[in-house]
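Written below as structure tokens is the structure these notes are about.
The values are calculated or read from the model by the stated rules, or taken from the named source; none is laboratory data. Note that the coordinates shown come from a computational prediction; the quantities given were computed from them, not determined experimentally. Quick note on the areas: whole protein, heavy atoms, side chains included, nothing else; ligands and nucleic acids left out. Shrake-Rupley method; radii C 1.70, N 1.55, O 1.52, S 1.80 Å.
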Amino acid sequence: MSATRNSAEATAIAIPMDSDATTFERIVTGRLLRRHGAFILQCDEGGELELRLPRVPVDHVGKSVRVTGRMIGPALLEAEGVGGI
């Protein structure tokens, strides 16, 4: 496992999304960055996550945000929502 994944998962809150116990919603806070066409969350507790987003949150780039979604890879979060904090 990578240090990035461990840091990100340690700061996330896990909430069951449905009856499948292996699917968890994550809530992670940090600074939203744009790098090489991808959106990256620089997590408050260290590490980074690449985000897969349904919408482009250009108003939040460079700002502190709360991201809700689920992990789909070691350092990859499929985001359902991004909001300012």
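A few points about this structure:
- Theoretical gain in end-to-end length, E50 to L76 [0.36 nm per residue, Cα-Cα removed]: 8.9 nm
- Rounded percent of accessible protein surface that carbon and sulfur make up, the range 39-85, 1.4 Å probe: 45 percent
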